1. Order these peptides, 155-163, 61-69, by their mean beta-carbon neighbour count within 10 angstrom, highest first.
2. How high is the FRET efficiency between residue 198 and residue 49 when r is their beta carbon distance and R₀ equals 25 Å, given to the nearest 0.05?
3. For residue 140 and residue 263, calculate 0.36 nm times their separation in residues minus their Cα-Cα distance, and state this gained length in nm to one decimal.
4. In nm, give the distance between the simple-model label positions of residue 42 and residue 281, each being 7 Å from the Cα along the Cα-to-Cβ direction.
5. I want to check the label-to-label distance for residue 86 and residue 210. Put each point 7 Å from Cα in the C-beta direction and report it in nm to one decimal.
6. If I model a spin label as a point 7 Å beyond the Cα along the Cα-Cβ vector, how far apart are those points for residue 35 and residue 255 in nm?
C-alpha cells in the first residue's frame, strides 16, 4: 500500500474546479501560496525560508553571546547562561507556532452557501460603480464575500480573518489565530536583544578601560570581531524592536490592525475612525488576547453551516 501524499500535502483549495458563476466575473484564480500538511493541522506558506533565516540569525546571535562574550565576562554565572537559553528556546517555539498556525485563512471552496447565493443575487442588480464601492466587502480574487476586518493577502493569495499584516521576516500572514504568538515573540525578542546589548556593552567597557584608546579599534574589529558584531547588531536592532513593541501596544489599545492603521494615517478619508490610546484598554485587550481560546481553523471544519461560520468569524 503506497503513501497517499495528496491526502497530507495537497490542499483542497489547490484542486482546480469550475467557477460557479455569478454576474461579476472574478479575476484569474491562482492556487493559494501555502501548503496544508498532516491532515490540515499545519499550515506552511511558500515563504517559510524567511523564517529559517531568522532562526539561523538568532541562533548565531545566541551562540556568540554564550560562547565568546558571556564566558569572558561571567565565567561561572550559570544562572544567566540558562536564562538566555530559556529565552532562546521560547523564541524558537513561538516562531515555529507562528509559521505553522493557520492565521485565519478562508478557503476558496468552503465558504457559506448562503453567502454564495447572496453574492449571485446581489450582483444581478449591481452596477459597476456600486461594485467598486463594495470592493472591500467582496474579494475579486477568491470570489466570495469577505467578513469584517478580512483582508486578501496578495503574497499568500488568500483571504485572512483579522489580517494584521504579512510579515516578510517570517514569511507568513499574521492574523486572527496567530497574532498572540507574534506579539509575545516581539516581547521575547526585545528581552534577548536588551540582554545582548547590556552584556556586550559591559564586556567592551571593561576591555577598553584596561588598554589605551589606540588599541580600541584593534580590540573591537580584530581581537573580538564576533563580540564587536554582536555589539553593533544589538544597537542597530534596538530601535526597530522597541518601535514594533510600542506600535503593537498602541494597536491593541486602539483595537485596529497594522494594515488598517497605516491606511488611516496615509489616507484618512479611506479609513474608519481609530480609537484613542488608553493604558486601561491596552491591558484589558492584552488580557482578552491571551485568555480567549483559539478559534477552530476554517480549513479543518469542512463545510460549515451559516451559524457555525458566523460564530467563528465574529468571536
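1. 155-163, 61-69
2. So the FRET efficiency works out to roughly 0.20.
3. Working: separation 123, 0.36 × 123 = 44.28 nm, distance 2.02 nm.
Going from the current span to full extension adds 42.3 nm.
4. Inter-label distance under the simple model: 4.0 nm.
5. Here the answer is 3.0 nm between the modelled labels.
6. The modelled label-to-label distance comes out at 4.0 nm.
Quick note: the coordinates plus some simple rules give every number you see, no bench work behind them. Note that the structure is a prediction, hence the values are computed from the model and not measured. As a convention, Cβ positions derive from the backbone with ideal geometry for all residues, glycine included, and neighbour counts pool all protein chains shown.
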